[in-house]
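Please read the structure below before turning to the comments.
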Amino acid sequence: MKGGLDETGVFGSTCARHGFPLFFISMTTGEIFDYPISILNRIKQRYGTNIGVLYDVACKLKPSLEQVNYLKLLLKDIPMAVSVWHAYNHVPQCQIDFHPRLLPNYGMTDGEWLERLWSYTNPFVPQTKYSGPNHRKLTLTCAFNTFKKEKITNIGMFFISYIIFKIYLDYNTS
(Lines give C-alpha, C1' and ligand atoms only; values in the text may rest on other atoms or scores of the structure.)
Protein backbone atom coordinates (compact mmCIF):
# COMPACT_ATOMS: atom_id res chain seq x y z
CA MET A 1 0.00 0.00 0.00
CA LYS A 2 1.27 3.46 -0.88
CA GLY A 3 1.96 5.86 1.96
CA GLY A 4 0.81 9.48 1.95
CA LEU A 5 4.24 10.76 0.90
CA ASP A 6 4.33 8.65 -2.26
CA GLU A 7 2.07 11.24 -3.87
CA THR A 8 3.86 14.52 -4.40
CA GLY A 9 0.89 16.74 -5.24
CA VAL A 10 -2.23 17.22 -7.28
CA PHE A 11 -2.45 18.37 -10.89
CA GLY A 12 -5.82 19.76 -11.85
CA SER A 13 -8.03 21.78 -14.12
CA THR A 14 -10.92 24.19 -13.76
CA CYS A 15 -13.18 25.94 -16.22
CA ALA A 16 -11.18 29.08 -16.98
CA ARG A 17 -14.28 31.25 -17.32
CA HIS A 18 -16.45 30.00 -14.46
CA GLY A 19 -14.02 28.36 -12.05
CA PHE A 20 -15.73 25.00 -11.78
CA PRO A 21 -13.32 22.16 -10.87
CA LEU A 22 -13.03 19.65 -13.73
CA PHE A 23 -10.36 16.93 -13.55
CA PHE A 24 -7.57 16.12 -11.09
CA ILE A 25 -4.67 13.67 -11.00
CA SER A 26 -2.51 12.62 -8.07
CA MET A 27 1.09 13.41 -8.94
CA THR A 28 3.86 10.93 -8.16
CA THR A 29 6.67 12.90 -9.84
CA GLY A 30 7.44 16.55 -10.45
CA GLU A 31 5.29 18.56 -12.82
CA ILE A 32 5.86 16.84 -16.16
CA PHE A 33 3.81 17.23 -19.34
CA ASP A 34 2.16 13.81 -18.87
CA TYR A 35 -0.26 15.40 -16.41
CA PRO A 36 -1.60 18.24 -18.60
CA ILE A 37 -1.72 15.93 -21.63
CA SER A 38 -3.84 13.43 -19.70
CA ILE A 39 -6.18 16.14 -18.43
CA LEU A 40 -6.47 17.77 -21.86
CA ASN A 41 -7.38 14.40 -23.33
CA ARG A 42 -10.13 13.96 -20.72
CA ILE A 43 -11.44 17.49 -21.30
CA LYS A 44 -11.49 16.95 -25.06
CA GLN A 45 -13.36 13.63 -24.63
CA ARG A 46 -16.00 15.24 -22.42
CA TYR A 47 -16.35 18.74 -23.95
CA GLY A 48 -15.07 18.40 -27.52
CA THR A 49 -12.63 20.68 -29.27
CA ASN A 50 -14.42 24.01 -28.83
CA ILE A 51 -12.15 24.90 -25.90
CA GLY A 52 -9.17 27.10 -25.16
CA VAL A 53 -6.35 26.23 -22.80
CA LEU A 54 -4.85 28.59 -20.24
CA TYR A 55 -1.81 26.98 -18.61
CA ASP A 56 1.10 28.48 -16.69
CA VAL A 57 3.64 27.14 -19.18
CA ALA A 58 1.52 26.81 -22.34
CA CYS A 59 4.44 28.38 -24.21
CA LYS A 60 6.50 25.27 -23.38
CA LEU A 61 3.66 22.73 -23.63
CA LYS A 62 2.48 23.64 -27.13
CA PRO A 63 5.88 23.14 -28.88
CA SER A 64 6.35 19.87 -26.99
CA LEU A 65 2.97 18.59 -28.16
CA GLU A 66 3.73 19.55 -31.75
CA GLN A 67 6.81 17.29 -31.76
CA VAL A 68 4.76 14.13 -31.13
CA ASN A 69 2.47 13.17 -34.03
CA TYR A 70 -0.43 11.64 -32.10
CA LEU A 71 -0.44 14.56 -29.65
CA LYS A 72 -0.31 17.05 -32.49
CA LEU A 73 -3.47 15.45 -33.90
CA LEU A 74 -5.09 15.26 -30.47
CA LEU A 75 -4.76 18.98 -29.78
CA LYS A 76 -4.15 20.54 -33.19
CA ASP A 77 -7.09 23.00 -33.20
CA ILE A 78 -7.05 23.89 -29.51
CA PRO A 79 -5.66 27.37 -28.85
CA MET A 80 -3.31 27.82 -25.87
CA ALA A 81 -2.40 30.83 -23.75
CA VAL A 82 -0.47 31.51 -20.57
CA SER A 83 -2.65 32.58 -17.64
CA VAL A 84 -2.54 36.34 -17.02
CA TRP A 85 -0.71 36.41 -13.68
CA HIS A 86 1.96 34.00 -14.90
CA ALA A 87 2.38 35.69 -18.30
CA TYR A 88 4.15 38.68 -16.78
CA ASN A 89 6.98 36.44 -15.60
CA HIS A 90 7.64 35.15 -19.12
CA VAL A 91 9.99 36.59 -21.74
CA PRO A 92 8.53 39.34 -23.97
CA GLN A 93 8.12 37.09 -27.04
CA CYS A 94 6.14 34.58 -24.98
CA GLN A 95 3.92 37.38 -23.69
CA ILE A 96 3.23 38.50 -27.24
CA ASP A 97 2.50 34.98 -28.52
CA PHE A 98 0.62 33.55 -25.52
CA HIS A 99 -0.96 36.40 -23.50
CA PRO A 100 -4.74 35.83 -23.46
CA ARG A 101 -5.46 39.56 -23.75
CA LEU A 102 -3.68 39.53 -27.12
CA LEU A 103 -5.34 36.37 -28.48
CA PRO A 104 -8.85 36.00 -29.92
CA ASN A 105 -11.70 34.33 -27.99
CA TYR A 106 -10.23 34.62 -24.46
CA GLY A 107 -11.88 37.95 -23.66
CA MET A 108 -11.29 39.00 -20.05
CA THR A 109 -10.71 35.43 -18.86
CA ASP A 110 -7.59 35.49 -16.69
CA GLY A 111 -7.02 31.73 -16.37
CA GLU A 112 -6.37 31.95 -12.64
CA TRP A 113 -9.32 29.96 -11.28
CA LEU A 114 -7.09 27.01 -10.50
CA GLU A 115 -4.90 29.30 -8.36
CA ARG A 116 -8.04 30.43 -6.54
CA LEU A 117 -9.01 26.80 -5.96
CA TRP A 118 -5.55 25.98 -4.56
CA SER A 119 -5.87 28.96 -2.23
CA TYR A 120 -9.27 27.65 -1.11
CA THR A 121 -7.82 24.20 -0.36
CA ASN A 122 -4.72 25.45 1.51
CA PRO A 123 -6.26 24.69 4.94
CA PHE A 124 -6.41 21.01 3.94
CA VAL A 125 -2.66 20.70 3.27
CA PRO A 126 -1.62 19.77 6.86
CA GLN A 127 -4.52 17.33 7.10
CA THR A 128 -3.75 15.52 3.86
CA LYS A 129 0.05 15.69 3.75
CA TYR A 130 0.60 12.49 5.73
CA SER A 131 -2.72 10.78 5.14
CA GLY A 132 -3.15 7.73 2.94
CA PRO A 133 -4.10 8.18 -0.70
CA ASN A 134 -7.77 7.26 -0.24
CA HIS A 135 -8.29 9.69 2.65
CA ARG A 136 -6.42 12.39 0.75
CA LYS A 137 -8.55 11.93 -2.39
CA LEU A 138 -11.78 11.88 -0.38
CA THR A 139 -10.86 15.05 1.52
CA LEU A 140 -9.84 16.92 -1.62
CA THR A 141 -12.89 15.70 -3.55
CA CYS A 142 -15.14 17.02 -0.78
CA ALA A 143 -13.27 20.35 -0.83
CA PHE A 144 -13.54 20.61 -4.63
CA ASN A 145 -17.26 19.79 -4.52
CA THR A 146 -17.86 22.40 -1.82
CA PHE A 147 -15.96 24.98 -3.89
CA LYS A 148 -18.13 24.06 -6.89
CA LYS A 149 -21.37 24.35 -4.88
CA GLU A 150 -20.30 27.78 -3.62
CA LYS A 151 -19.57 28.85 -7.20
CA ILE A 152 -23.02 27.69 -8.34
CA THR A 153 -24.70 29.43 -5.42
CA ASN A 154 -22.89 32.71 -6.07
CA ILE A 155 -22.89 32.71 -9.88
CA GLY A 156 -25.88 35.07 -10.04
CA MET A 157 -24.06 37.63 -7.91
CA PHE A 158 -20.98 37.27 -10.10
CA PHE A 159 -22.97 38.07 -13.24
CA ILE A 160 -24.66 41.06 -11.61
CA SER A 161 -21.30 42.47 -10.47
CA TYR A 162 -19.83 41.79 -13.93
CA ILE A 163 -22.68 43.68 -15.64
CA ILE A 164 -22.27 46.59 -13.22
CA PHE A 165 -18.53 46.62 -13.91
CA LYS A 166 -19.11 46.62 -17.69
CA ILE A 167 -21.58 49.52 -17.38
CA TYR A 168 -19.03 51.38 -15.26
CA LEU A 169 -16.30 50.80 -17.87
CA ASP A 170 -18.54 51.83 -20.76
CA TYR A 171 -19.58 55.00 -18.93
CA ASN A 172 -16.01 55.99 -18.01
CA THR A 173 -14.45 55.23 -21.40
CA SER A 174 -16.96 57.12 -23.55
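The values are calculated or read from the model by the stated rules, or taken from the named source; none is laboratory data. What you see is a predicted model; the values in this text were computed from it and never measured. Cβ placement follows ideal geometry from the backbone for every residue including glycine, while neighbour counts extend to all protein chains displayed. Quick note on the areas: whole protein, heavy atoms, side chains included, nothing else; ligands and nucleic acids left out. Shrake-Rupley method; radii C 1.70, N 1.55, O 1.52, S 1.80 Å.
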If you rank 102, 169, 117, 140 by how much accessible surface each has, with a 1.4 Å probe, what is the order from largest down? 102, 169, 140, 117
Looking at the range 70-174, which chymotrypsin sites (Phe, Trp or Tyr not before Pro) are DSSP coil and have at most 16 other C-beta atoms within 10 Å of their C-beta? 88, 130
Net charge near residue 84: determine it from the other residues with C-beta under 11 Å of the C-beta of residue 84, scoring Lys and Arg +1 and Asp and Glu -1. -3
Computed E for residue 130/residue 96 - FRET, C-beta separation, R0 41 angstrom, nearest 0.05: 0.40
Can you give the extra length, in nm with one decimal, that the chain gains between residue 6 and residue 142 once fully stretched, where that is 0.36 nm per residue apart less the Cα-Cα distance? 46.8 nm
With R₀ set to 30 angstrom, the calculated FRET efficiency between the beta-carbons of residue 85 and residue 28, to the nearest 0.05, is 0.65
Within straight cross-link reach of residue 44, meaning Cα distance under 25 Å, which lysines are found once same-chain residues fewer than 8 apart are removed? 60, 62, 72, 76, 137, 148, 149, 151
Of the listed values (i) 19.0, 63; (ii) 17.9, 64; (iii) 16.1, 45, identify the label whose number matches Rg and Dmax of the Cα atoms in Å calculated from this model. (ii)
Rounded to the nearest percent, how much of the accessible area of the range 1-157 (1.4 Å probe, protein heavy atoms only) is carbon and sulfur? 56
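Scan the range 40-109 for trypsin sites (Lys or Arg not before Pro) in coil per DSSP, keeping those whose Cβ has at most 11 other Cβ atoms within 10 Å, and list them by number.
76
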Rounded, prolate or oblate, given the Cα gyration tensor of the range 25-66, with a/c below 1.5 counting as rounded? oblate
Accessible area of the range 42-174 divided out per residue, in Å², using a probe of 1.4 angstrom: 69
Quickly estimate the mean residue ellipticity at 222 nm for the chain, helices only: each DSSP H run with n ≥ 4 gives -39500 (n - 2.57), and the total goes over all residues, rounded to 500. -17000 deg cm²/dmol
In Hz, Karplus ³J(HN,Hα) per residue of the range 14-25 (6.51, -1.76, 1.60; θ = phi - 60°; x = Gly, Pro): 9, 5, 5, 8, 10, x, 6, x, 10, 10, 9, 10
Those cysteines in the chain that have no second cysteine Cβ within a distance under 4.7 Å are 15, 142
Under the 0.36 nm per residue contour assumption, what length would be gained going from the current alpha-carbon distance of residue 153 and residue 51 to full extension? 34.3 nm
